[in-house]
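Please read the structure below before turning to the comments.
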Amino acid sequence: MKKWIPPVAGIVTGLLAATVFFADFSPEKTTQVTADNNSNKSNAEKVYVPFGEKDEYYLMASGGHSGQMFIYGVPSMRHIRTVPVFSPDSATGYGFDNHTKEMMGDFTWGDLHHPALSETEGDYDGKYLFATDVANSRAAVMNLETFTTKDIINVPNTSGPHCAAFVTQNTEYMFLPTRFAVPIGSEYASLDDYSEQYRGVMSAVTFDEEKEKLNVAYQVALPPWSYDLSDAGKGMSGDWAVITTYNTEEATTNLEINASQADRDYIVLINWKELEQKVKDGDYDEVTGQKMIFPEKHKGGIYLIPVAKSPHGVDVTPDGTRFIASGKLAPAMTVFSFEKAFEAIKNQDFAGERNGIPIVKYESVMEREVNPENALGPLHTQFDDKGMAYTTMFISSEIVKWDPNSGETLDRVPVQYSPGHAVAAEGDTVAPDGKYIIALNKIAKDSYLSVGPSHPESMQLIDLRGDKMEVIQSAPVNPEPHYAQLVKADKIKTISVYDKDDKNPNAVYNQEETRIERKGNEVHVYGIAMRSKFIFDAKAERPDVIEVNKGDKVFIHLTNIDFDQDITHGFAINQYDLNMEVQPGQTNTIEFTADKEGTFPLYCTNFCSALHQEMSGYFLVKP
Ligand code: RUQ
Ligand code: CUA
């Protein structure tokens, strides 16, 4: 294998240079690198999972502005499932049935950024997956027994929780700092009053596992900056969280230039235990119905640490002793020590304050600046089982392995191209696996069959077990995996059928109980779906027909009584623009107004048996 030489020499410190760098990829050069990576035949064996065997890991990749989660198997990199979260999905009827429609609220899409698995003692417990929506400021939780979204909440005052979700080590909180500062309550305020009127509110969200509900516990009215990425502490730093900021210049226009003026921005260091105590003690203001901590007034628990300008990622090491910030406009990773930070805070080793928040002296907390030769655009860091760090280099298109203890560069591997995040096997937990890392690349260029001018993104699987990192598989992916979680498959315990729920008034488990009830102009259908028919009213002459009057409000409650692996039914009415899914044992409700008169066939949308085509009926709407 040819040694890869970074194609750009010298230090680049501007976005302009990034643009120039992209232009430097000639097709010849890119083909060369790809061919090298694929020349090793044994790579195919490393990712081959024979029929009957399963992948070793689940990859849960954010679907970005598709509003979905993409589930892959690793090492095969086969796409297994798309789970709708913030966007409707006709394939599963998500956003059509009453429960999911209510969760979606008034929004029809979302921009899902960083997924986070629930943790127990800093390790993935395989129970839940959290995610946030940058577009419409929401947080969601997915249950991993069923891979379905259970709750979505709107988060007030936080506008674009980009740097979420990162959970604390026992899933006590997930923190949602805002990407965009707005006035509290999102009320109108002139941009001339930006510094006084605008705030960068961070929300602390809790999760009630029993009820499967999310809740905003309290908020912090941080200064009007942009908060980019965050991470929660582990072990000795378990009570803390770190957040990167940019636009501490408080620019209100042309951010590309104006938010890149200052040599340093900050990392916000938060002691969430102290903030939690503050809330218990009533040391907050009640604003827009939220418990709001104003740092200039409710002092303590929040500190600023200067960091190289416009940082992006910040990642806590598996042992919780350090955090590493990467600078998108600076070619260095900066290693900070929690121990030093605690010491500096204890000694009040401060260099002034901003907005009432003490600034801890950079030199007192910084351990080392790491600057691998010609590595440009460090964004995000993951870890292996030996504590070694792997940082994505957006501009020089590579992953650099380095030692956080010494700063020494250990290995580098080119990826195609421009990785944003990477995700290592359990790589953000207290116990990373160290087997694989996947580069989540923003640019695929000529990697796959062309589908026109818009190319897919790409995910490249890298084997970490040999002496050298090696790209062993590549999979296209829809826009856009911002981040992902790579979790051991045996931690995920799915169910194959839903339990009977005798308390659900809409559930019907035998034919005798099926019925169509009319209450005024409401029609309630209590039906069942089974191979290979619908029964809406077993006593009727035609049990598979629903007849209503124009203008009636129709409720279809449908239970799938096939308590059998993989027998899912669907329910759609021709021309009525609706679809609902009922998984084995599940009861679901869809509600609509019969506003079109006429004759409308209804049918099962999910292929369920040899007589699936016969699983149909009529929806008749009398004038
Ligand atoms: S960000 S490419 Cu939306 Cu996670 Cu760093
Ligand atoms: Cu039921 Cu197809």
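The values are calculated or read from the model by the stated rules, or taken from the named source; none is laboratory data. Predicted model only: the values in this text are computed from it and were never measured. Methodologically, a virtual Cβ is constructed for each residue, glycine included, from the backbone with ideal geometry; neighbour enumeration extends over all protein chains shown.
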Region 513-531: number of residues that are under 21 Å from Gln583 (Cα atoms) and either modelled with pLDDT under 95 or among the acidic types (Asp, Glu) (or both): 1
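Residues are listed down the side, and each one gets a yes or a no for (1) in contact with a strand residue (DSSP E or B) (Cβ under 8 Å, 6 or more places away or on another chain); (2) farther than 20 Å from Gln277 by Cα; (3) within 15 Å of ligand 1 (Cβ to nearest atom):
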position: Ile302; (1), (2), (3): yes, no, no
position: Ser310; (1), (2), (3): yes, yes, yes
position: Val316; (1), (2), (3): yes, yes, no
position: Lys328; (1), (2), (3): yes, yes, yes
Condition met for Phe180 (buried (at least 21 other Cβ atoms within 10 Å of the Cβ) and either touching a residue at least 24 places away in the same chain (Cβ under 8 Å) or within 16 Å of ligand 2 (Cβ to nearest atom) (or both)): no
Residue match in region 138-153 (condition: surrounded by 24 or more Cβ atoms within 10 Å (Cβ to Cβ), at positive phi and of a type in the set (Gly, Ala, Ser)): no
Evaluation of Phe619 against (1) of a type in the set (A, V, I, L, M, F, W, C); (2) within 12 Å of ligand 2 (Cβ to nearest atom); (3) over 23 Å from Asn510 (Cβ atoms) (one fails), failing number: (2)
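Inside region 544-567, can you point out the residues that are among the hydrophobic types (A, V, I, L, M, F, W, C), surrounded by fewer than 19 Cβ atoms within 10 Å (Cβ to Cβ) and within 16 Å of ligand 2 (Cβ to nearest atom)?
Within region 544-567, just Phe563 meets the criteria.
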Residues that are in contact (Cβ under 8 Å) with a residue 24 or more places away in the chain and of a type in the set (Phe, Trp, Tyr), drawn from region 347-394: Tyr362, Phe383, Tyr390, Phe394
Among residues of region 583-615, those that are part of a strand (DSSP E or B) and either near ligand 2 (Cβ under 9 Å from one of its atoms) or not assigned by TED's automatic domain parsing to the domain that holds Asp564 (or both), counted: 1
Breaking point among (1) at pLDDT 95 or above; (2) away from ligand 1 (no atom under 16 Å from the Cβ), for Ile257: (1)
Meets criteria (of a type in the set (A, V, I, L, M), more than 19 Å from Thr148 (Cα to Cα), within 11 Å of ligand 2 (Cβ to nearest atom) and surrounded by 18 or more Cβ atoms within 10 Å (Cβ to Cβ)) for Ala572: yes
Subset of region 466-514 (residues that are within 24 Å of Ser454 (Cβ to Cβ) and in a loop (DSSP other than H, G, I, E, B)): Asn478, Pro479, Glu480, Pro481, His482, Tyr483
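Can you name every one of the strands (runs of 3 or more DSSP E) wholly within region 115-188 that holds 3 or more residues which are among the polar types (S, T, N, Q)?
The qualifying strands (runs of 3 or more DSSP E) are 148-154.
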Breaking point among (1) within 16 Å of ligand 1 (Cβ to nearest atom); (2) assigned to a strand (DSSP E or B), for Ala529: (1)
Scope region 525-543; condition crowded, with 17+ Cβ neighbours inside 10 Å, more than 12 Å from ligand 2 (Cβ to nearest atom) and among the small types (Gly, Ala, Ser); matching residues: Gly527
Residue under evaluation Asp208, criteria (1) in contact (Cβ under 8 Å) with a residue 12 or more places away in the chain; (2) of a type outside the set (A, V, I, L, M, F, W, C); (3) touching a strand residue (DSSP E or B) at 6+ places or on another chain (Cβ under 7 Å), criterion not met: (1)
Unmet requirement for Ser609, which otherwise passes all of (1) buried (at least 18 other Cβ atoms within 10 Å of the Cβ); (2) farther than 21 Å from Glu522 by Cα: (1)
Tally of residues being in contact with a Lys or Arg (Cβ under 7 Å, 6 or more places away or on another chain), closer than 25 Å to Asp385 by Cα and surrounded by fewer than 17 Cβ atoms within 10 Å (Cβ to Cβ) across region 427-462: 0
